[in-house]
Amino acid sequence: MNQIRLKRLSGLLALMGLVASLSVSCASVDGSKGLAFKPGTYSAVAQGNAGDVRVTVTFSETRIVSIEIGENAETPGLSDPAFRDVPAAIIEGQTLAVDAVSGATHSSEAILSAVADCVEQAEGDVEAMKAR
């Protein structure tokens, strides 16, 4: 009887250890870990394929909260995937290490450049965000 209780207790302790290690792993996946910004909303302009692309970025103290694509001269339809996917990837990963969208490379690069400018304005570390 005691041997059965000991096995159950051992199994329970092992399970608790597994849960604790998973909790620590999940906590370290937080994309904002180690980031610091001056909260606010900042705007920048960068050269796209057909002209300037205006970007507005909102920061909290530790995250990029939102990225809005403003006035631009890019070709509608061709630039749409970059305007949708690049900001989403930056926000999701809290990184500037985002691949350009095929077929909209210059639009993608303009977004990344303008967001990097906004990171600088918000007193963030651009190089650290490119390395994430």
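Bear in mind that the values in this text are calculations on the coordinates, not laboratory data. Please read these numbers as outputs of a predicted model, since none were measured by experiment. Virtual Cβ from ideal backbone geometry, glycine too; neighbours counted across all protein chains shown.
For a footprinting-style exposure proxy, rank Ile90, Ile67 by other Cβ within 10 Å, fewest first. Before the final figure, lay out each step's value.
On the way: Ile90 23, Ile67 19.
Least crowded to most crowded, the residues run Ile67, Ile90.
Legend: translational diffusion of segment 40-131 by Stokes-Einstein, Rh = Kirkwood radius over C-alpha pairs, 20 °C, 1.002 mPa s; D = 169 µm²/s.
Quick check: net charge around Leu96, other residues with Cβ under 14 Å of its Cβ, Lys/Arg +1 and Asp/Glu -1? Provide the component values of the computation, followed by the final result.
Details: positive: Arg63, Lys130, Arg132; negative: Glu92, Asp99, Glu109, Asp117, Glu120, Asp125, Glu127.
Residues near Leu96 contribute -4 overall.
Taking 7 Å steps out from each Cα toward its Cβ at Ala128 and Ala88 produces label points 2.8 nm apart. Across segment 47-58, computed HN-Hα scalar couplings (Karplus, 6.51 cos²θ - 1.76 cosθ + 1.60, θ = phi - 60°) run 6, x, 6, 10, x, 5, 10, 8, 10, 10, 10, 10 Hz from first to last residue, x flagging Gly and Pro.
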